[in-house]
Amino acid sequence: MATVVIPAHNEETVVGAGVETLLDGAEPGEFEVIVVANACSDRTAEVARKAGARVVETERPGKANALRLGDAACRSFPRVYLDADVRLSAASARALIAAARRPGVLACAPVPDMDMAGVGWLSRRLHKVQERLVEPTRGLAGTGVYVLSEEGHARVFPMPDVISDDGYVHASFAPHERVVVPEARSLVRPSRTLSANLNRRVRVRMGNRQLEELGRPVSERRLSLGDLWALLRARRVSPLDAGCFLAVLVMDKVLTRLRAQRGGQVSWGTDATTR
């Protein structure tokens, strides 16, 4: 048995389908699914139970807290940590678990597939450029799923109260200790509107700053304008794509700076445009 932990804050519209997708085609007892209904005011816990998950409920908000509670309820390794709005099939979960059992592999993640249904034209361009930029150095962050071996788990948990849990996990391992498993895919719903995109990007940027302060920078190499220019020269993105991306990049940097100056805190929230 492998255990899957799903932190869920007011996720009644998606958590049931996520659990059902994972368990569909699974052998009896193959996966134990633990949903942590975290400070929910909706039917998340009820829906998760009906879908076949064991539910842990808490009134304390915060994704890191939900992950710690779910992790404490686990009984086996490797352990899969899955976002409530991300779909992962049983076959992909098996591939990830098999990878995490290989010698020397402490953590792994799938390749994300983007569900672009309902995404606005500007957001489509932003996600296209972002995906092209991160492809060569894709890691554990941004896939909605990561898996830890027992040795890898000891390095990550108990997880501190960080904004970016997947960034923290990624930064906890050297490149040779973490792998992206190409035969495993996760279905991720990106932000559909410009406003939602900006909120997410500000959150990511502030989360990355926090990790740098903790001595765990997410990336060994920062993306640069040169990377964007290389995509343009290779005609993998259009000038309009690049222009939209740069404009939003400037906006999110300004918003991040303003929020930091005002002492703004980033809390665990739900992007309603992806539900």
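No value in this document is a laboratory result; all are computed from the given coordinates. Because the structure is a prediction, the values reported are computed rather than measured. Ideal geometry is used to build each Cβ from the backbone, glycine not excepted, and the neighbour counts take in all protein chains shown.
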| field | Modelled FRET efficiency - R0 30 Å, residue 174 with residue 224, Cβ distances, 0.05 increments | value | 0.85
| message | Given the DSSP H assignment, sum -39500 (n - 2.57) over each helix run of at least 4 residues in the chain and divide by its residue total; what's the result at 222 nm in deg cm²/dmol, nearest 500? | response | -13500 deg cm²/dmol
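Over region 77-262, what relative contact order in percent results from Cα pairs under 8 Å that are six or more residues apart?
Over region 77-262, the number comes to 31 percent.
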| said: Given R₀ = 30 Å, what would the calculated FRET efficiency be for residue 246 paired with residue 214, taking r from the Cβ atoms and rounding to 0.05? | reply: 0.55
| said: Relative contact order for region 1-76: what percent, with Cα pairs under 8 Å and sequence separation of 6 or more? | reply: 39
| query | Roughly what % antiparallel, to the nearest 5, for the DSSP beta bridges in region 1-69? | reply | 0
| task | Within 10 Å of each residue's Cβ, count the other Cβ atoms and sort 121, 229 from fewest upward. | result | 121, 229
| Mean Cα-pair separation over length for region 1-148, i.e. relative contact order, pairs under 8 Å, 6 or more apart, % | 27
| query | Restricting to region 98-219, what percent of DSSP beta bridges are antiparallel, rounded to 5? | reply | 20
| query | Residues of region 153-168 with amide nitrogen under 12 Å from the 7 Å Cα-to-Cβ point of residue 58? | reply | 158-162
| task | Quick one: work out the % antiparallel among DSSP beta bridges in the chain, nearest 5. | result | 25
| request: About the Cα centre of region 77-262, how large is the charge dipole given +1 on each Lys and Arg Cβ and -1 on each Asp and Glu Cβ? Please answer in debye to the nearest 20. | output: 620
